[in-house]
1. Could you check the stretch A:236-263 and list, in sequence order, the residues that are within 18 Å of A:Ala301 (Cα to Cα), among the polar types (S, T, N, Q) and within 13 Å of the chain's Cα centre (by Cα)?
2. Within the stretch A:63-72, take every residue that is surrounded by fewer than 22 Cβ atoms within 10 Å (Cβ to Cβ) and in contact (Cβ under 8 Å) with a residue 24 or more places away in the chain and give me the one that is farthest from the other protein chains (Cβ to nearest Cβ).
3. Could you look through the stretch B:2-14, keep only residues that are on the phi < 0 side of the Ramachandran plot and modelled with pLDDT under 95, and pick out the one that is farthest from the chain's Cα centre (by Cα)?
4. Give the residues of the stretch B:1-53 that are among the hydroxyl-bearing types (Ser, Thr, Tyr), surrounded by 17 or more Cβ atoms within 10 Å (Cβ to Cβ) and farther than 22 Å from A:Phe69 by Cβ, sorted by residue number.
5. Any residue that is in a strand (DSSP E or B), at pLDDT 95 or above and under 30 Å from B:Asn13 (Cβ atoms) - is there at least one of those in the stretch A:89-97?
6. In this structure, is A:Ser250 among the small types (Gly, Ala, Ser) and over 22 Å from A:Tyr124 (Cβ atoms)?
7. Of everything in the stretch A:78-131 that's small (Gly, Ala, Ser) and over 19 Å from the mean Cα position of the chain (by Cα), which residue is nearest to A:Ala155 (Cα to Cα)?
8. Going by the conditions given, is B:Ala76 surrounded by fewer than 19 Cβ atoms within 10 Å (Cβ to Cβ), without any contact (Cβ under 8 Å) to a residue 60 or more places away in the chain and within 14 Å of chain A (Cβ to nearest Cβ)?
Amino acid sequence: MNEIVRIGNPAAPQRVPKLEKPFKLTICVNQTCSMDCKLCYADCGSSKRPELATEQWKAFIDQLVTEEFLHIFFEGGEPFHRPDFEEILAYCNRRLYVAIRTHGTLIDAARARRLKKLGVGRLYVDLFAAIPEIQDELTGTPGSFDAAINGIRNAREAGLKVTILGILSRKNYQHLQRYLDLAVELNCDQVGILRLYPLGRAKRNWAELSLSLDEMMSALHSLKVPPGVQLMQSWHPRDGNCCWQNAAVSPQGDSIGCPYLREYVNYGNILETPFVETWSHPLYRELRSNAVEQTCPECSATQGTFGGCRATAFAFHGRWTAPDPYCVHNNQGVDLRALPERLLRESE
Amino acid sequence: MLSRNGCYAKANNVVLRRFEEWGRCYAFTPDDPEIYDLNANAWFIVELCDGRPFQQIEADYVATVGSKIGREKAKAQFHTGFAELLNRNIISAIE
């Protein structure tokens, strides 16, 4: 909930609130992209199932408004690779807060101005590395770093808020400070350093990309956050279990809870079942119930939430109730550089 | 700009999502796209802003909250919250 500003002094929730229905939802609007990224969680181009059509997304957006959703987070693939994406954004018509995760390479000055006019709240721009040659290698696309930087500049010039995202990997951990320097240079107020998830192509390239937990913590602790820049990161003591409020829909319309659960769950398809009914799926309810074997008191104290990320817990342990191995107190000796055989077999 | 003689209401287009079970409310401001997390006090002020004059809104707030925390403290809390809400365009003066 990084967009939320508190007024007054509400007490931090001591327990995870129970929601009858969520207020925020991620739409993974497509599974296509103009690049060929080694970290692509969506494994763009791999699905044979059709993506939802423009009118189907519009009908879904109407449903969300009726159900009092407040916030849509769009991601892909690369959302701007979808020709009708701006039409879908326009349909949101300021009825919902809209944020977009993008590689930024397709945002020219005219598009940036249109997005501002459409009322887009924030862009989250992925840079797999903050050094041009490494970014271009990771995206398989020469010039992609410069194009992304131009996209960020265009967005900022149009008055859009931009968060620079970096997925922490062996390719960027030695130059992580460069992300914060870039934020200052580009006048961005937020940087998000995210954990690497064993999904899609990132799973297949895990040996090349992954770090040990010690390497991750060392890289994070070395950061010096400049004034005016907010650093978001989700490692201890901020290992949140956000399943209590998470909702997401795949490009094909499957209700998947969270984009990071996309390979593990399917609570029903929104073309057949209203989304709010999928919210009552037994597994969905279980993941919101705080039923975890072990929690980190420090993370719970700051997050008001329990057990850390369920997607990584399940990926490494194969149990929904398992501890989150990315937390220093809950790691239990798991070597994050080695994926369980089970996951590797599933991706063959 | 706060006017003690003005009347106030929730700003046009602002969307509220109420969570009574945990005593807070989210407000979406489309004109300057943000989502704000209103605590119970801020939420109460927004609900009181139904087009009435400032002084009536203040009096209702102080009468309700003052019985729990004292009138002076309630009044100060009201003024801080009201100014914040006005500043963020969640409430606005009406004709």
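The values are calculated or read from the model by the stated rules, or taken from the named source; none is laboratory data. Keep in mind the model is a prediction, meaning the values are calculated, not measured. Note that we place each Cβ from the backbone using ideal geometry, even for glycine, and neighbour counts take in every protein chain shown.
1. Correct list: empty.
2. First, pick out the residues of the stretch A:63-72 that are surrounded by fewer than 22 Cβ atoms within 10 Å (Cβ to Cβ): A:63, A:65-68, A:70.
If we keep only those that are in contact (Cβ under 8 Å) with a residue 24 or more places away in the chain as well, we get A:63, A:65, A:67-68, A:70.
Numbers: A:Gln63: 15, A:Val65: 9, A:Glu67: 10, A:Glu68: 5, A:Leu70: 5 Å.
Residue satisfying both the conditions and the ranking: A:Gln63.
3. B:Asn5
4. The first filter runs over the stretch B:1-53 and keeps only residues among the hydroxyl-bearing types (Ser, Thr, Tyr), leaving B:3, B:8, B:26, B:29, B:36.
So of that shortlist, the ones also surrounded by 17 or more Cβ atoms within 10 Å (Cβ to Cβ) come out as B:8, B:26, B:29, B:36.
Across the stretch B:1-53, the qualifying residue is only B:Tyr8.
5. Yes.
6. Numbers: among the small types (Gly, Ala, Ser): yes; over 22 Å from A:Tyr124 (Cβ atoms): no.
No, not satisfied.
7. Out of the qualifying residues, it is A:Ala112.
8. When the stated conditions are applied, B:Ala76 passes them.
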